[in-house]
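Data block below; observations after.
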Amino acid sequence: MYERAINDLQHNRFELARLSMQTLINTYPDSEYLAKAKLAIADSYFKEGGSTGLTQAVAEYQDFITFFPFLDEASYAQMQIGMAHYRRMEKSDRDRSEALEAEAALQTFLQKYPQTELTPRAEQRLREVQEVLADGDFRIASFYYIRRMDKASAPRLLDLVNRYPLYSAADRANWMLASIYERNEHKDVASTYYARLVKEYPLSPLAAEGKAKLVKFGAPVPQPDPTALARMQREQQIPRERPGLLKRPGELLKSGPDVSTAARVGTPTLTPQTEDATDTLSPGAGLSVVAAGGGSGGNNGSGTGAYVQTVSPGASDPPAGPSGSAANSGPTPGSNVPPTADASAQDQSAQGGQAATSTNAGQNANGTADPPSQASQGTPQGESSSKKKKSKKQVQLQPQ
C-alpha cells in the first residue's frame with residue numbers, strides 16, 4: 001500500500017496518494033511505515049503547490065514534528081516549512097508576512113539542526129529571505145530620506161544596518177544614516193556610521209567618501225576588517241545571473257521577489273524579529289540621540305553604539321493663523337519649538353473674538369436684532385426650556 005501511494009505521488013496523483021496513505025495510517029497504526037506515510041501526505045500537499053496546498057503542507061509538517069520530534073526526518077520537515085513560506089513570499093514592496101514566516105522557520109532549522117546536509121541550502125535561503133526583508137525597509141527609508149523626513153527614515157535605517165549586515169545595499173544604508181546625523185549636527189554619531197562603512201564594507205564605492213568625512217571631522221579612520229574584506233572579495237568572484245532585456249518584462253509579471261542580489265557568503269542573522277520600536281516618544285522637542293537599550297546619551301553619542309531618534313510631541317506644524325497676521329501665526333513650519341502658553345492664550349482669545357464677530361455680523365445681515373439676555377428680560381431662572389424656545393422662535397419670526 002505504501003509503495004502504491006508513493007507511485008501515485010510520483011505521477012502527480014495526489015488525491016489517490018493521500019487516500020492510500022490515510023488508509024495505511026488508520027488500518028495499521030503500529031506499522032513501521034506510519035511516520036513515512038505521515039511525511040508523504042505532507043509532501044503531497046507541498047508538491048501540489050498553490051496557496052491551499054502549501055498552507056496544508058505547513059500544517060502537516062508541523063504535525064509530523066510534533067508526533068516524531070526525534071526522527072531524522074524532523075529536520076527535513078522543518079526545512080520544508082520554511083520552503084513552503086519561501087515559495088509564497090512576495091516582492092519586497094508588497095506583503096511581507098510570508099517572508100517573516102520563512103525567516104522564522106529557517107532560523108529555527110539552523111538553530112535546532114546546525115549540522116545536517118540541508119544546512120548550506122537553508123543558510124542560502126535565509127540570506128535571500130533577509131535580502132527581501134531588508135530591501136523593503138530600505139525602500140521605505142529611502143522614500144523618507146529623499147524628502148528629508150529624518151525622524152521617519154533614521155529608525156528604519158538603524159534597524160536595517162544592525163539586523164541585516166549582509167544586505168546588498170547595507171553600505172548605502174550606513175551612508176544615509178550617517179548623513180542624517182551629520183545634517184542634524186550630531187557629527188560624533190555620524191562618525192560612528194562612517195567608520196562602520198569604512199571598516200565593514202571596504203570595497204564599497206562609498207568607502208573613500210566615508211574616509212574623507214572622518215578626516216574632515218577629525219575622527220580616527222579604522223582599518224578594514226579582514227573578515228569583511230575576504231567576504232566582499234568572494235562575493236565579487238561569484239557569478240550572478242542578470243535578467244536580460246527579454247526577461248525583464250516577465251519579471252514584472254512575477255509575484256515572487258528577485259533574489260539575484262542576495263549574499264552568497266557570510267552567516268545570516270539568526271536572531272528572531274523583535275517588537276522593539278526604534279521611535280521613542282519623550283516630552284520636549286528637537287532631534288536628540290538616545291542610546292539603544294539605555295537612557296539618553298545627549299549630544300555626545302555615548303552609549304552602546306546604536307542610536308535612535310526621538311519623536312517629540314508638539315513638533316508638528318501648528319494650524320495656520322489669520323491671513324496677514326504674523327503675531328499669532330505660531331512657529332514656522334519645520335520648527336521644533338512648541339508654542340508658548342501666552343501665544344496659545346492669544347490664539348484662543350483671537351478665535352473667540354472672531355467667532356463672536358462673525359455671529360453678530362450674521363445676525364445683523366439677516367435684519368434681526370440680538371435676542372436680549374435673561375437678565376434684561378427678567379426671565380426667572382425656573383422658566384422651562386420650552387418657553388425659552390418659543391420666545392426665541394417668536395423673535396426670529398418678526399416681520400422685516
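The values are calculated or read from the model by the stated rules, or taken from the named source; none is laboratory data. Remember, it's a predicted structure, so these values are computed and weren't measured experimentally. Reconstructed Cβ throughout: ideal geometry from the backbone, glycine too, with neighbour counts over all protein chains shown. Areas reflect the complete protein model, heavy atoms only, side chains present, ligands, DNA and RNA absent. Shrake-Rupley method; radii C 1.70, N 1.55, O 1.52, S 1.80 Å.
Computed values, structure above
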{"quantity": "Residues of the range 95-119 satisfying the condition of being assigned to a helix (DSSP H, G or I) and within 13 Å of Ser75 (Cβ to Cβ)", "calculated": "Ala105, Leu106, Thr108, Phe109, Leu110, Gln111, Lys112, Thr119"}
{"quantity": "Test for Tyr2: is it under 30 Å from Gln111 (Cα atoms) and either in contact (Cβ under 8 Å) with a residue 24 or more places away in the chain or surrounded by 20 or more Cβ atoms within 10 Å (Cβ to Cβ) (or both)", "calculated": "no"}
{"quantity": "Test for Ala141: is it open to solvent by 10 Å² or more (accessible area, probe 1.4 Å), at pLDDT 95 or above and either among the hydrophobic types (A, V, I, L, M, F, W, C) or closer than 22 Å to Asp93 by Cβ (or both)", "calculated": "no"}
{"quantity": "Near pairs, Cβ below 7 angstrom, 6+ apart or cross-chain, from the range 125-137 (under 7 Å from Ser92 (Cβ atoms) and modelled with pLDDT of 95 or more) to any residue that is among the hydrophobic types (A, V, I, L, M, F, W, C) and part of a helix (DSSP H, G or I)", "calculated": "Val132/Ala99"}
{"quantity": "Of residues in the range 73-120 being hydroxyl-bearing (Ser, Thr, Tyr), touching a residue at least 12 places away in the same chain (Cβ under 8 Å) and under 26 Å from Leu160 (Cβ atoms), the one least open to solvent (accessible area, probe 1.4 Å)", "calculated": "Ser92"}
{"quantity": "Filtered residues of the range 203-237 (kept if assigned to a helix (DSSP H, G or I), within 21 Å of Asn162 (Cβ to Cβ) and of a type in the set (D, E, K, R))", "calculated": "Lys213, Arg231, Glu235"}
{"quantity": "Residues located in the range 20-33, provided they are open to solvent by 30 Å² or more (accessible area, probe 1.4 Å) and more than 22 Å from Ala84 (Cβ to Cβ)", "calculated": "Thr23, Asn26, Thr27, Tyr28, Pro29, Asp30, Ser31, Glu32, Tyr33"}
{"quantity": "Conditions (1) open to solvent by 40 Å² or more (accessible area, probe 1.4 Å); (2) within 20 Å of Leu24 (Cβ to Cβ); number of the one not met by Glu123", "calculated": "(2)"}
{"quantity": "Enumerated helices (runs of 4 or more DSSP H) restricted to the range 1-94, each holding at least 1 residues that are over 42 Å from the mean Cα position of the chain (by Cα) and of a type outside the set (Phe, Trp, Tyr)", "calculated": "2-10, 14-27, 34-48"}
{"quantity": "Residue within the range 34-44 that is modelled with pLDDT of 95 or more, surrounded by 16 or more Cβ atoms within 10 Å (Cβ to Cβ), closer than 27 Å to Thr271 by Cα and of a type in the set (Val, Ile, Thr) present", "calculated": "no"}
{"quantity": "Positions within the range 56-72 being open to solvent by less than 30 Å² (accessible area, probe 1.4 Å) and either in contact with a strand residue (DSSP E or B) (Cβ under 9 Å, 6 or more places away or on another chain) or without any contact (Cβ under 8 Å) to a residue 24 or more places away in the chain (or both), in sequence order", "calculated": "Glu60, Tyr61, Ile65"}
{"quantity": "Close pairs (9 angstrom Cβ cut-off, 6 or more residues apart or separate chains): open to solvent by 30 Å² or more (accessible area, probe 1.4 Å) in the range 185-210, assigned to a loop (DSSP other than H, G, I, E, B) and charged (D, E, K, R) anywhere", "calculated": "Lys199/Asp225; Glu200/Asp225"}
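A quick yes/no check of all residues on (1) under 26 Å from the mean Cα position of the chain (by Cα); (2) not basic (Lys, Arg):
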position: Asp159; (1), (2): yes, yes
position: Asn162; (1), (2): yes, yes
position: Ala178; (1), (2): yes, yes
position: Asp188; (1), (2): no, yes
position: Thr192; (1), (2): yes, yes
position: Arg196; (1), (2): yes, no
position: Lys199; (1), (2): no, no
position: Leu206; (1), (2): yes, yes
